[in-house]
Amino acid sequence: MTGIATSEGRSRSAVGRGFPVWLGLAPFALVLAVLFAAPVLSLLRLGFGEGAFTLAQFQRLIDVPVYRSVLGTTFGIAGLVTGLSVLASYPLAYVMATVGPRTRNLLLILVLLPFWTSALVRTTAWIILLQSNGVVNQLLMAGGLTSSPIAFVYNLSGVLIGMTHVLMPFVVLPLYAAFRSLELSTVQAAEGLGAGPLTIFSRIILPLTAPGVVAGAMIVFMNAIGFYLTPALMGGPGQTMIAQMIATNINKELDWPFAAALASVLLVATVSLLALFQRRFGLDRLIEGGGGKAGEPFTVTSRGRSWGGWAAVAAAVLVAAFLIAPIVIVFPMSLGSSPFLSFPPDSYSLVWYENFFSTSKWMAALTRSLQIAALVVVISVGLGTLAALGVSRMRPRWRALVETLFILPMIVPVIILAVGLYYLLAPTGLVGSIWGVTLGHVVLATPYVFITVRAALKSFDGNLELAALGLGASWPTMFRRVMLPGIAPGIAAGAIFAFITSFDDVVIALFLTNIRSRTLPKLMYEGVAHEIDPTIIAASCLIILVTILVLGANLLVSKRT
Amino acid sequence: MKKLLIAAAVAALLAPVAASAKEMTFASWGGAYQEAIRKAWITPFSKESGIKVEEDTGPDTAKIKAMVDTKSVTWDVVTGGGGGLMRGVKLGLFEKITPDMVKTDHVLPGARNDYAIPSEIFSTLIGYSTKAFPTTGAQPKSFADFWDTAKFPGKRTLPDAPETVVEAALLADGVPMADVYKTLSTEAGLKRALDKIRALKPQVAVWWSSGAQPVQALGSGDVVMALGWNGRFQAGIDSKLPIAMAWDQQIPQVGFFMIPKGAPNKAEAVAFLNYMVKPENNARLSEYVAYGPVTEQAWASIDAGRAATLPSTPERLKNALFLDIEWWAENGAKVTEAYKTMLKE
């Protein structure tokens with residue numbers, strides 16, 4: 001892309017010394033072999049017969065057209081959600097990179113809010129907003145914009161809204177990091193040479209932010225393939241996704257061989273799709289780009305925002321409104337006195353908050369969740385960063401293969417991993433302790449760290465590393481003083497993703513915890529077959545408030561120093 | 001001093017006894033349901049028998065299978081039902097419970113099972129909006145009325161899985177109760193049910209996947225009629241939502257308690273099941289949730305006001321078709337495929 005050498009290109013020369021590839025790859029590879037490959041393969045094997053080899057399960061997949069169509073729907077929805085997430089993330093990430101720290105932190109909170117509310121609360125809030133007698137339709141009709149209600153939910157649009165809302169952060173954060181490492185002088189030079197906003201966007205911003213976007217888009221796509229609660233609640237029968245069928249066959253039909261066949265097909269299809277995409281669009285070359293110096297952060301140019309910039313700000317405001325809309329609904333809902341969720345509530349009370357604090361199980365589960373998530377962040381940031389360093393120093397020939405292996409935990413349906421891990425860990429006695437579920441989450445979370453740090457390393461200027469080493473710095477010193485500050489935004493994004501992956505997980509927790517080690521999402525999920533306990537809404541609101549307070553306090557402290 | 005020594009010796013003798021005091025673990029779905037079970041059965045049972053009952057949550061059949069396979073069963077009694085129960089039975093996940101272990105001859109014949117003890121009865125039936133169909137006019141009564149969009153105009157909601165829907169469709173189409181599963185077992189019969197549902201598709205606004213959705217949709221006015229669970233509708237009614245239930249025709253289902261194979265405290269589990277299924281004890285759950293008892297003898301201890309909200313009164317069971325869980329274990333996969341195909345058309 002540019003003439004600057006990235007650290008990638010020098011894998012075998014100067015940087016080869018000091019940091020051996022195996023040291024980076026081995027820890028995560030070991031974890032994957034023991035805690036991922038072994039348990040998952042032992043389950044997937046069932047798809048080929050429980051004894052004699054047979055392809056009968058796959059024959060059924062081919063014979064019954066509904067499975068093909070569901071597979072198609074799954075990829076279709078995942079693709080659309082990825083596109084929408086990228087589209088919505090650009091204006092927001094641009095604004096985040098060009099405003100003061102106060103507004104930026106506010107936007108950051110907005111982006112992460114969807115994760116602090118349980119999936120059940122989130123989807124219920126959206127349905128209350130979007131149903132035909134919902135808030136949005138009432139506003140539209142009162143404003144005379146439409147005469148009959150628009151069907152926003154129980155169809156494709158409902159699924160896209162619900163999924164984009166929660167998956168967008170995965171693009172926004174890497175993209176924001178990419179914007180921050182853009183050089184102001186490049187943009188200024190282009191402006192000086194008479195480039196308009198559109199040219200600047202397509203010729204400079206787009207190519208230079210590509211690594212961040214591709215990393216984020218990949219995470220969204222993989223994640224979207226595994227969704228099923230949101231499509232089941234906000235979609236119609238046309239939006240059934242494959243993960244739902246896998247879960248039903250595991251849990252309800254107890255047809256594990258067929259679930260294994262479905263999961264294998266999903267796995268193969270996803271990996272081939274990635275390979276095809278890579279060949280067709282040169283994913284790797286796209287990612288290779290970047291190479292921006294970690295210098296002056298990107299801000300508004302001296303001449304202020306162009307019309308393009310202002311258009312982006314307007315778009316960002318809309319995106320922010322989209323992100324916050326269901327959260328705004330959740331607060332009054334949490335104050336309703338009826339266990340039936342409604343908006344606006346008929347009468348107000350604090351009964352669900354009292355319930356949260358008076359019943360020890362809620363506090364216990366919240367503490368447990370935070371404990372587990374903290375452990376997961378520490379372990380997976382270590383593993384993922386090492387793995388990313390190792391891969392960036394590998395010979396290019398094997399790199400794509402290792403990279404694919406390292407992100408496989410994102411593609412395999414979580415329930416397959418959860419069941420497999422139960423079989424592996426039950427004899428060790430780790431099931432039911434916080435370590436069983438922590439190990440499961442580490443497997444899930446490390447690929448996120450790996451991807452974001454990989455993207456950061458790709459944008460990192462390899463010449464800085466060479467210069468430091470050339471001036472006599474040891475590798476560890478160079479890493480601490482030069483490379484670490486450069487890739488810090490990527491590590492931070494990975495850490496946040498690892499945290500929310502752990503904090504949001506239900507499936508692993510269902511299998512690997514008991515009543516003493518259960519996490520908050522598991523507790524929230526309990527009882528939903530019989531009722532929704534509005535305490536989960538109060539819990540979500542409390543978490544949101546605490547998040548805002550912590551980030552707000554952080555802002556105050558950082559302003560003083 | 002001597003006294004103290006004796007006391008110490010006694011304490012030392014007693015300690016191992018206390019440590020091995022009888023206990024068992026019960027696992028269910030948490031939330032209000034498990035709380036009702038705790039109040040109605042667990043707490044009084046513990047008091048009466050001296051058996052300490054630990055509780056756990058999340059007895060997914062898949063997890064029970066994993067426990068049984070790895071010989072790490074920690075649960076003594078779990079709750080469940082439906083086709084999943086029978087598929088579990090086929091895989092050998094549950095202990096057989098013989099009549100000399102737990103006496104069940106007083107239980108409704110439709111609720112008996114060799115591997116499970118019935119705990120309560122809930123029902124799938126029509127819930128409708130009393131705003132759309134107030135008492136001043138005609139109100140839906142039967143599954144035929146659910147399909148009658150001329151007489152009862154407005155959107156509907158149906159489950160996104162076929163259990164209870166195909167049965168309701170055939171009943172609405174005039175198939176007698178006794179012939180429903182016989183008819184469904186034939187290709188033509190299944191097609192007849194699916195065609196009936198297909199015809200209603202344009203009027204179905206929501207295909208629900210969680211039991212809260214039909215109540216939500218009725219409450220907001222997005223639909224006027226729903227096929228859903230009586231307990232959920234009742235919760236909506238209790239929260240003053242404009243909902244009523246049509247009790248004239250229903251598809252009841254039985255909730256069961258099972259003992260996973262290899263449960264560590266089987267004797268205690270059997271004692272608990274015996275306690276739970278006794279008529280006067282079985283009646284108690286209805287005080288806390290709108291589920292009916294599994295034995296006619298229980299009605300003596302339930303007051304009339306509460307009985308009006310419960311699905312298993314002798315009167316209401318006359319026109320009820322019990323969900324055939326063996327049939328579903330046998331045919332569930334095939335029917336689900338056909339149902340999903342019809343929905344995706």
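General observations
- Furthest towards positive pole of dipole, A:525, A:34, A:175, structure part the protein assembly as shown, Cβ charges: A:175
- Counting Lys and Arg as +1 and Asp and Glu as -1 over every other residue whose Cβ lies under 12 Å from the Cβ of residue B:59, the net charge comes to -3.
- The residues neighbouring residue B:120, those whose beta-carbon lies less than 13 Å from its own, together hold a net charge of 0 under the Lys/Arg +1, Asp/Glu -1 convention.
- When only Cα pairs below 8 angstrom with a gap of at least 6 residues are kept, the stretch A:116-214 shows a relative contact order of 21 percent.
- The label-point distance for residue B:91 and residue B:301, in a model that sets each label 7 Å from Cα toward Cβ, rounds to 3.5 nm.
- Alpha-carbon centroids, the stretch A:469-483 and the stretch A:97-131: separation in whole Å: 40 Å
- Projected label distance in nm at residue B:48 and residue A:371, using a 7 Å step from Cα toward the beta-carbon: 3.7 nm
- Around residue B:237: net Lys/Arg minus Asp/Glu count, Cβ-Cβ under 14 Å: +2
- If you take the Cα centroid of the stretch B:240-264 and the Cα centroid of the stretch B:163-214, the two points sit 19 Å apart.
- Helical contribution to [θ] at 222 nm, DSSP H n ≥ 4, -39,500 (n - 2.57), averaged over chain B, rounded to 500: -12000 deg cm²/dmol
- Of the DSSP H helices in chain B, those whose Cα atoms cover at least 15 Å axially and whose Kyte score averages 0.5 or more: B:2-19, B:266-277
- C-alpha center-to-center spacing [the stretch A:401-452, the stretch A:190-254] in angstrom: 22 Å
- Cα gyration tensor, the stretch B:199-345 - rounded (a/c under 1.5), prolate or oblate: oblate
- Length added when fully stretched, residue B:55-residue B:179, from 0.36 nm per residue minus Cα-Cα: 40.5 nm
- Only DSSP H runs of four or more residues enter the estimate; each adds -39500 (n - 2.57), and after division by the residues of chain A the mean residue ellipticity at 222 nm equals -23000 deg cm²/dmol.
- Since only A:103, A:464, B:27 are under comparison, the one whose Cα sits farthest along the positive direction of the charge dipole of the protein assembly as shown, derived from C-beta charges on Lys, Arg, Asp and Glu, is A:464.
- Paramagnetic label reach from residue B:105 (point 7 Å along Cα→Cβ; backbone nitrogen cut-off under 13 Å): within the stretch B:272-286, no residues.
- Given charges at beta-carbon only (K, R positive; D, E negative), |dipole| of the protein assembly as shown in Debye: 2540 debye
- Working from label points 7 Å from Cα in the Cα-to-Cβ sense, the residue B:195 to residue A:545 distance is 5.9 nm.
Every number in this text was worked out from the coordinates using simple rules, so none of it is lab data. Since this is a predicted model, take the numbers as computed values, not measurements. Neighbour counts run over all protein chains shown; Cβ positions are idealised from the backbone, glycine included.
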